[in-house]
Each structure stands twice: as structure tokens, then as C-alpha cells.
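Written below as C-alpha cells is the structure these notes are about.
The values are calculated or read from the model by the stated rules, or taken from the named source; none is laboratory data. Computed from a prediction, not measured in an experiment: that's the story for all the values here. Methodologically, a virtual Cβ is constructed for each residue, glycine included, from the backbone with ideal geometry; neighbour enumeration extends over all protein chains shown.
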Amino acid sequence: MKTKLDYYRIFYETARQSSFSAAAQNLYISQSAISQCIRQLEHDLSTQLFIRSKRGVSLTKEGLVLFQKIESAIQSIEQGETLLARLHHLESGSLLIAAGDTITSHYLLPYLEQFHETYTNIRIEMANSYSYQMLKLVKEGKAELAFVNLPVEDDELCIKPCFEIHDTFVCGPEYDMKESYTWDEIANEPLILLENNSSSRRYLNECFKKKNIELKPQIEFAAHDLLIRFASIHLGVSCVIQEFSKESINQGKIREMKLCPPLPSRSIGYAYLKDTPLSLAAQAFLKLIEQNK
């Protein structure tokens, strides 16, 4: 047996007001409609719910049992509606992002700060790993957005570029640097590169592989900032992201080495599941990024 939810709302309000007329006034329907609904509900349940009197109505014992359950259900519904309203106005909820250290510190941090200042009640959660692992987190539902170095392809994900970057080779300020380098020449320098399981390293390997050149670094790191640090103290030649190294370049801590022709530009991008709608928090965060492209 199924009874319309509206009947239970009418029953709940009538019990709260102990009056058909007061319930009718609060629900903006006629008193006769209230009476008809209560009679129908009592018929459906085969139970008398109210004791009628000239002073109004009161609950029977059976009616009180039903009222207690309906009251809990109505309150849960109202709490759900309130929560949805807060989510809609970004007054609660969470933003789950997966991104590496370099992208987070050199690119996302200002956006995260701005988002937190604007939506103070949204909890920001971050996951950190290599690009392929972060894409896996998105597909497993453990992150909503992943920010990764492109190019990346995955049929399950929507992947969009958001920031163009340029890879450049750098050395220390006193390094014996030539005016320009061929790709073969730069490959023979004492190279300091990211580890092979990073997307930036794989991209670099592919670029040189197309010219039949194999890169054999002397030192490998997982952190971009260590590339800058080691190059600055003349321990070798690092390949860094130009946009993330501007401060060190402008301060003279490292110098760019001209590669002819230069490495092709690439992009940082964000990825999310194709068939899953983004939360309002994720939409708001991406809007911040799109506005500053």
C-alpha cells in the first residue's frame, strides 16, 4: 500500500496545530480538503488517527506513533532541502583536487587562496601524486578534478588545457655556456632531470626520441624546485618549466640555455569524468581559472 506524501504532510501539520482550520490556513488549502485527506489517510491505514471535538482535534495513541515517525521524516527532508540550498549557494561542501607539488605551488596556489577567501565554508581537499595516479583518483571517485601536465589521453575523462608552459634548459650563473645549443649538444651536457615516471620527463624523452636522441641524466629528482637548486650551484644542466622558474631566472640564480630549435610548448590541463556532472564547488573553481586565462 502506498499513500501520497502530501497526505502525511497534511497529517503532520494538522497534528502540530491540533486544528483542521489552522492547518488549512498554514498550507493554503481549504478546510474541507484537509478533512478529506485525513479521512482518506485513516481509510488507507485502517486506523483512526484523530479524536474530533468541538475544541479541535487530538491524536489517538496510534496517531501519536505515526506522528513521531512522520515528524522525524519531515525534519530529515527539511534538513536535506536546507543542505541543498547551502550547497547551491556554496555555503557548504567540499572541493576535491588532485595535483602534483609543482603545479600546486607554482600554478594552483593563488586560485586556491582566492577560492578559499570567496567560499570560506567549502572544505578543500588535495591529493598528490604523479599524473597517471591522479587521473586514476578521478576515475575512482577519490578526486573530482585532476590538474596534470599535458598531453594526456583517456577516453573516460574530459581533458582541457588551461595554461601554456615552455620547457627550457638552465645552468648556474657561472656555467661555461655557449651562445646556443643543438639538441645533440644539450643531450651531452651533465643533465639533471625529473624522474622517468613524471609526465614532464616522458614528454621530454619523446621529443628527443623523435630526433633519435636518448637522454641519459646524471641526476634525477621528483621535485621541480630541486632542478633549479642543483643547476644554480653548478652541479649540471636542468630542464625546467620556464613559467615556474621566472623568479630564479630574473634574480640571476640560473640562466637559460638557448636550444635551436626550442622545445615545443605544451600545457597544463584539468581532467574530470565525462559522464559525471561537476559539483557546484568544482564549477566555481574552474570559473576562477577560466576567467584568468
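Assorted remarks:
- Scanning segment 133-165 for residues that are under 16 Å from the mean Cα position of the chain (by Cα), surrounded by 20 or more Cβ atoms within 10 Å (Cβ to Cβ) and in a loop (DSSP other than H, G, I, E, B) gives Ala143, Glu144.
- The lone exception for Glu214 - which of (1) free of Cβ contacts under 8 Å to residues at least 24 places away in the same chain; (2) surrounded by fewer than 16 Cβ atoms within 10 Å (Cβ to Cβ) it fails: (1)
- Look at (1) part of a helix (DSSP H, G or I); (2) touching a Leu at 6+ places or on another chain (Cβ under 7 Å); (3) at pLDDT below 90 and you find that Ala15 fails only one, number (3).
- Those strands (runs of 3 or more DSSP E) lying entirely in segment 173-272 with at least 1 residues among the charged types (D, E, K, R), touching a Cys at 6+ places or on another chain (Cβ under 9 Å) and at pLDDT below 95: none
- Lone qualifier among Lys287, Lys216 - being basic (Lys, Arg) and in the same structural domain as Arg123 (by TED's automatic domain parsing): Lys287
- Where a residue in segment 113-130 is surrounded by 14 or more Cβ atoms within 10 Å (Cβ to Cβ) and its partner, wherever it lies, is in a loop (DSSP other than H, G, I, E, B) and among the hydroxyl-bearing types (Ser, Thr, Tyr), with Cβ under 7 Å and at least six apart: Tyr130/Ser198
- Long-range neighbours under 8 Å by Cβ, at least six apart or interchain, first residue assigned by TED's automatic domain parsing to the domain that holds Glu206 and surrounded by 13 or more Cβ atoms within 10 Å (Cβ to Cβ) within segment 175-189, second among the hydroxyl-bearing types (Ser, Thr, Tyr) and not in a helix (DSSP H, G or I): Glu189/Tyr181
- Qualifying residues in segment 5-41 (those that are of a type in the set (Gly, Ala, Ser) and touching a residue at least 40 places away in the same chain (Cβ under 8 Å)) - the one surrounded by the fewest Cβ atoms within 10 Å (Cβ to Cβ): Ser18
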